[in-house]
Amino acid sequence: MFSPAWSLVCFALFFLMDHPSQLESTEITERTERNSSQEFTSSVSSIMSANENPLTSHVLDTAIGRPAVGVPVTLSKYENDQWRNISKQLTNSDGRVGNMISSEEFSSSRYKLTFETLSYYDSRGEKTFYPYIEVIFEIETPEEHFHVPILLSAYRFSTYRGS
Amino acid sequence: MSTRRERSTTAAPPPPPPTMAGNSDNPLSAHVLDTTIGRPVPGILITLSKEENGKWRKITEQVTNKDGRVARLISQAEFTPSSYKLNFNTKSYFESLGQKTFYPYIDVVFQVEKPEEHYHVPILLNAYGYSTYRGS
């Protein structure tokens, strides 16, 4: 037979385990609101980032199904009948490059991305057909985001306009 | 004085007709296909250049035929181990269709290490994407 004291202890334990305290409820509510706020802020930041980061690229090695890390990528802009280098970056651990050009500089023009894929294959001790890959494209709507990836293998590549 | 029969037997045999497979003075060919409509692309101007002393020297330019192909872009004698560039003037094709395209032209730069082999460099073309590969 349970004593009244023991029943009281069990009831208290049950209540505490399944029903958060009022203080904890408040904390959970605040945390949820913070998370929602953070998600909204993050979404807004993403939208803002897309405009501030109007051009991105990505190199995937489709022979191994992995991103191609450490590929030098140079962005050039065609001005006055010649190419002017804007930036040069290495693809990161996800095979990506971003922040290649500011939205201010990203005007309607012709651009070129040069992917130094030979160095990638040299580092892997593999031969490739292409000493480098150039993709030349024209921008008419610079307010949009442009993603220019390369699906790469040693004797084949493809590219497309992504968003 | 040799007779006509003797002169004909000592004349050099005619060269074999050029073929797509195997070299026979046709070590490099190209092809453009529009994969949006599943058809070859005739009338594309293709320019072949060879890298010499750090500069590109134009070798030839040809227009793709009704099958979207060009061949005999370079002689076997000139096709030495080097880097080559094929420039495909693809925008004119889309302009003729009244379509926009992302690419004003397509350059494919490739390395030849075994010029005794045949190299085929096709473009599978769309207005907003393309692919290429080393064919034989």
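The values are calculated or read from the model by the stated rules, or taken from the named source; none is laboratory data. Bear in mind the structure is a predicted one, so any value in this text is a computation, not a measurement. Every residue, glycine among them, receives a Cβ derived from its backbone with ideal geometry; neighbour counts consider all protein chains shown. Surface accessibility is based on the protein's heavy atoms, side chains included, excluding ligands, DNA and RNA. Shrake-Rupley method; radii C 1.70, N 1.55, O 1.52, S 1.80 Å.
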TODO: Determine the pairs where a residue that is within 14 Å of another protein chain (Cβ to nearest Cβ) and open to solvent by 50 Å² or more (accessible area, probe 1.4 Å), located within the stretch A:96-111, has a partner that is of a type outside the set (G, A, S) and not in a strand (DSSP E or B) with Cβ atoms under 9 Å apart, the partner being 6 or more residues away or on another chain.
DONE: A:S108/A:E140; A:S108/A:T141; A:S108/A:P142; A:R110/B:P104
Open item on the list: Just to be sure before I move on: is A:R84 under 30 Å from A:L118 (Cα atoms), more than 18 Å from the chain's Cα centre (by Cα) and at pLDDT 55 or above in the structure I sent?
Closed with: yes
TODO: Give the residue, chosen from B:L33, B:L86, B:L73, that is within 12 Å of chain A (Cβ to nearest Cβ) and either outside any strand (DSSP E or B) or surrounded by 14 or more Cβ atoms within 10 Å (Cβ to Cβ) (or both).
DONE: B:L86
TODO: Would you check if A:I150 is in contact with a strand residue (DSSP E or B) (Cβ under 8 Å, 6 or more places away or on another chain), touching a residue at least 60 places away in the same chain (Cβ under 8 Å), crowded, with 20+ Cβ neighbours inside 10 Å and within 11 Å of chain B (Cβ to nearest Cβ)?
DONE: yes
- [ ] Give me a count of the residues in the stretch B:93-118 that are open to solvent by 10 Å² or more (accessible area, probe 1.4 Å), more than 7 Å from chain A (Cβ to nearest Cβ) and of a type in the set (F, W, Y).
- [x] 1
- [ ] Looking for whichever is assigned to a loop (DSSP other than H, G, I, E, B) and among the basic types (K, R) here; the options are A:K112, A:K127. Which one fits?
- [x] A:K127
